[in-house]
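First the structure, in the form of structure tokens, and then the observations on it.
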Amino acid sequence: MKVCVRGSYSEWIDVISGVPQDSVLGPLLFLIFMQDLPDWVKNSIKMFADNTKIWMKIASQGDADSLQQDLDKIHTMELSFPFPGTFVP
């Protein structure tokens, strides 16, 4: 994978995590492992297919702390999965 920002490209790197793209398995695994995610977070969340967006308007340090707590919860949840998160086709 490489990234382009304003016409400048990064170096290529191997991506060894995630789920196979364009497969039936990817969305199925997402649904199995992520269906209760909205119960874990306090802030706004939208989920569609295998994409998730969490956001909050940051107007104070408390707002920033709340969003960070949600991100920390998600990280903890990720670490508790029975799979290491490496699904390579």
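Straight Cα distances below 28 angstrom link K42 to the lysines K53, K57, K73, with same-chain residues fewer than 8 positions distant left out.
Given R₀ = 35 Å, what would the calculated FRET efficiency be for Q69 paired with Q35, taking r from the Cβ atoms and rounding to 0.05? Using R0 = 35 Å, I get an efficiency of 0.95.
Readers should treat all values here as calculations from the given coordinates under stated rules, not as data from a laboratory. Values in this document were obtained by computation on a predicted structure and should not be read as measured data. So basically every Cβ, Gly included, is an ideal-geometry build from the backbone, and we count neighbours across all protein chains shown.
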